[in-house]
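Let me begin by presenting the structure, written as structure tokens, before commenting on it.
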Amino acid sequence: MENGIIFEICGYIAGISLILGFVPQAIKTIRTRNTDGIALPAFIMMAIGAIFFMIQGILHKPHILWPLFITNLITSACSIIICIIKIRNDYTKRE
């Protein structure tokens, strides 16, 4: 097998694994709105990291690294949503 094909397969497997590991927790948090066990700084950093991986995927030459971009698009969106829910919950508890 050519190294390029192995590279692509590894990227897609990594992306699918990360999404399957992260999205169920995000869905649970969105449904229950329970953010008591979530550290806001950790999710902010995960969102920032995912955004920069998306940028890296776009800037890669000669072609976009789609597995890197798509995986991090999904995880950054989930992280941002969870951060918003966490901030709202923390604000509500202070009142």
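The values are calculated or read from the model by the stated rules, or taken from the named source; none is laboratory data. Note that the structure is a prediction, hence the values are computed from the model and not measured. Backbone-built Cβ (ideal geometry, glycine too); neighbour counts: all protein chains shown. Accessible surface areas use protein heavy atoms only, side chains included; no ligands, DNA or RNA. Shrake-Rupley method; radii C 1.70, N 1.55, O 1.52, S 1.80 Å.
Can you bin every Cα-Cα distance in the range 1-84 into 10 Å intervals starting at zero and give me the percent of pairs per bin, rounded to whole numbers?
Cα pair-distance distribution for the range 1-84, in percent: 18, 45, 26, 10, 2.
So between Cys10 and His63, what do we pick up on full extension, going 0.36 nm a residue minus the alpha carbon distance?
Going from the current span to full extension adds 17.4 nm.
Take Phe52 and Ser17, extend 7 Å from each Cα along the Cα→Cβ direction, and tell me the distance between the two endpoints in nm.
Using points 7 Å along Cα→Cβ, the separation is 2.2 nm.
Quick check: at a probe of 1.4 Å, how many percent of the accessible area of the range 1-46 sits on carbon and sulfur atoms?
Exposed carbon and sulfur together represent 70 percent of the surface.
Measuring from label point to label point, each 7 Å out along Cα→Cβ, what is the Ala42 to Ile84 span in nm?
If labels sit at Ala42 and Ile84, their model points lie 2.2 nm apart.
What does the highest-first list of 71-78, 87-94 look like by mean Cβ count within 10 Å?
71-78, 87-94
Roughly what angle does helix 66-94 make with the longest principal axis of the chain, taking Cα atoms, 0 to 90 degrees, to the nearest 10?
10 degrees
Using 0.36 nm per residue, how much length does the chain from Leu73 to Ile30 gain when fully extended, once their Cα-Cα distance is taken away?
13.7 nm
Return the single residue from Gly21, Gly49, Gly57 with maximal mean-square fluctuation; model: Gaussian network over the chain, springs between Cα atoms under 10 Å.
Among Gly21, Gly49, Gly57, the largest GNM mean-square fluctuation belongs to Gly21.
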